[in-house]
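The next block holds one structure in the form of structure tokens; read it before the comments.
The values are calculated or read from the model by the stated rules, or taken from the named source; none is laboratory data. Here the structure is a predicted model, which means the values were calculated and not measured. FYI the Cβ positions are ideal-geometry reconstructions off the backbone, even for glycines, and counts take in every protein chain you see. For the accessible areas, the whole protein counts, side chains as well, though only heavy atoms, and no ligand, DNA or RNA atoms are used. Shrake-Rupley method; radii C 1.70, N 1.55, O 1.52, S 1.80 Å.
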Amino acid sequence: MLAKRVYEIEESAMVKLTSLIDEMRRKGIKVISFAIGEPDFPTPKHIVDAAIEALNSGFTHYTPSMGIYELREAIAEKCNTQNKIPCKVKEVLVTPTKLAVYLAVMACINEGDEVIIPDPSWVTYEACVKLAGGKPVFVPTYEENNYALTQESLQSAITSRTKMIIINTPSNPTGAVYTMSELKVIADIAKDYNLLVLSDEIYEELVYEGKNYSIASLDNMFERTLTVNGFSKTYAMTGWRLGWVVGPEPLIEAMNKIQQHTLTCSCSFAQKAGIVALKGDRKPVEDMVREFKERREIICKGLNEIPGFNCKKPAGTFYVFPSYTFNQNSLEFSEFLLREARVAVTPGSAFGKCGEKHIRISYATSRENIKEGLERISKAVSKIS
Ligand code: PMP
């Protein structure tokens, strides 16, 4: 009864895990979750207030499908100044970030087109490419290379059907942040082989060493790059479903055409709040980033003290991606930790073959939870080491 495309994609491992955790919690079991993909902070009050004000003033109807002009202007301004992306207001589409990825792929990928995706990476890229009828081509990346796509790995993956390279910096799940020279390598290949780049920069503000650079800011890259970003992680606004994509006008127009027939437009009052998020007080963001940085220290130190774990300190996001030496694959090991330690983590294999023998741990949870979770893990693995 169902369309073939539905069978091509898998239910999200994270969503499955969340329902298992819910079930355990309903039974009264105290689970510590390191599987969280969102900041554990409230949306800053001034942003919430802006949405309330918009609601009370009756701003509750459709907006233009591209988004309200003032928000698009604020996004263009932010991209120009902070990211050095030379986009104009007409090259900004307001849309939830996950949908931005989907629209980008739907607008650019034909049946059989190949899309290069780093392994490991966020599973939605693969799903979107398959839904569009494209072929995901996974390129292995390794910790010793900062999980970056390299010239050799890209060149060996490119064929006459390659249409797009997807990158995610800072990266979910590895936390790696591409350096400028790593981005230049990808940019040169994209130009040499006439490829599009989809750059997902949703974690851009959660960087603790150095800075995140946008590949669209490099010479002659804007014309072939779609940069997706959003409010979810920076402003703790995951439930608001608000983000954006910037890129060359013909691609943005094509994506908007699909948006008009699916989403219509992003939520009106969330858009009003988005303007305030971009233009308003930065202190709540700075406080959150500072707290994440402290927690990163605690989690890395704690994990490295447990025999069997090796945890490098990633430059960004709120994830660490340690490898381990225990004799179980990452799905078995994650199930073991949930059963034995009542600690939920995400198996590395959920992000691709190269994620095997790793787990993803999110530290978007309190310091107390982090400490208790580490103790529980330490106790549980002492039984299998
Ligand atoms: N990109 C990456 C790498 C993500 O991890 C996520 C959220 N997990 C998104 C995009 C989607 O963000 P949103 O929920 O704002 O659509």
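If you stretched the chain out fully between Lys301 and Glu152, how much longer would it get, using 0.36 nm times the residue separation minus the C-alpha to C-alpha distance?
Stretched out fully, the Lys301 to Glu152 stretch lengthens by 50.3 nm.
Indicate the gyration tensor shape class of segment 45-279 (rounded, prolate or oblate), computed on the Cα atoms with a ≥ b ≥ c the square roots of the eigenvalues: a/c under 1.5 is rounded; otherwise a/b larger than b/c is prolate and the rest oblate.
On the way: a/c = 1.95, a/b = 1.56, b/c = 1.26.
Prolate, since a/c reaches 1.5 and a/b exceeds b/c.
Over the chain, what relative contact order in percent results from Cα pairs under 8 Å that are six or more residues apart?
23
State the Cα centre-to-centre distance between segment 45-75 and segment 324-385 in whole Å.
41
Hand me the GluC sites (Glu not before Pro) from segment 132-240 located in a DSSP loop with no more than 13 other Cβ atoms within 10 Å, in residue order please.
Glu209
Using the basic label-point model (7 angstrom from Cα toward the beta carbon), what is the Glu249 to Glu340 distance in nanometres?
6.1
Quick one: compute the contact order of segment 1-149, relative version, from alpha carbon pairs under 8 angstrom and 6+ residues apart, as a percent.
It rounds to 19 percent for segment 1-149.
Rounded to a whole number, what % of the accessible area of the chain do carbon and sulfur atoms account for, probe 1.4 Å?
Roughly 52 percent of what the probe reaches on the chain is carbon or sulfur.
Place a label point 7 angstrom from the Cα of Lys279 along the Cα-to-Cβ direction, then list the residues of segment 77-100 whose backbone nitrogen is under 15 Å away.
Answer for this model: 77-79.
What do you reckon, how do His46, His61, His358 stack up by accessible area (1.4 Å probe), largest on top?
From most accessible down to least: His61, His46, His358.
Treating only the Cβ of Lys, Arg, Asp and Glu as charged (+1, +1, -1, -1), what charge dipole size does the chain show about its Cα centre? Round to the nearest 20 debye.
740
Given the whole protein assembly as supplied and a 1.4 Å probe, what does the accessible area of Arg5 come to in Å², nearest 10?
130
How much accessible area does Glu305 have with a 1.4 Å probe, in Å² rounded to the nearest 10?
120
Keeping every protein chain present and rolling a 1.4 Å probe, give me the accessible area per residue for segment 45-279 in Å².
39
Considering the dipole of the chain built from charges on the beta carbon (Lys and Arg +1, Asp and Glu -1) around the Cα centre, which of Ile258, Pro39, Phe138 is farthest to its positive end?
Pro39
Calculate the spin-label point distance for Glu144 paired with Leu2, positioning each point 7 Å from the Cα along the beta-carbon direction, and give it in nanometres.
Once both label points are built, they end up 4.1 nm from each other.
Rounding to the nearest 20 debye, state how big the charge dipole of segment 80-128 is about its Cα centre with +1 on each Lys and Arg Cβ and -1 on each Asp and Glu Cβ. Display every interim value, and only then the final one.
Working: 4 positive and 6 negative charges, 99 e Å.
In total the dipole reaches around 480 debye.
Counting pairs of alpha carbon atoms under 8 Å apart in space and at least six apart in sequence, what relative contact order in percent does segment 307-385 give? Don't skip to the answer; put the middle values down first.
Working: 109 pairs, mean separation 24.0, N = 79.
Rounded, it is 30 percent for segment 307-385.
Quick test of the membrane-span-like rule: which DSSP H helices of the chain reach at least 15 Å along their long axis (C-alpha atoms) with mean Kyte hydropathy at least 0.5? Kindly include the intermediate steps, with their values, before the conclusion.
Numbers: long enough: 13-26 (20 Å, 0.04); 45-56 (16 Å, 0.40); 69-82 (19 Å, -0.96); 97-108 (17 Å, 1.66); 180-192 (18 Å, 0.26); 249-260 (16 Å, -0.54); 268-279 (17 Å, 0.68); 283-304 (32 Å, -0.90); 367-382 (23 Å, -0.88).
Flagged H segments are 97-108, 268-279.
Report the full-extension gain for the segment His261 to Glu294: residue separation times 0.36 nm, less the Cα-Cα distance, to one decimal in nm.
Extra length available between His261 and Glu294 comes to 7.4 nm.
Along the positive direction of the dipole of the chain (beta-carbon charges: Lys, Arg +1; Asp, Glu -1; about the Cα centre), which of Phe269, Tyr203, Leu17 reaches farthest?
Leu17
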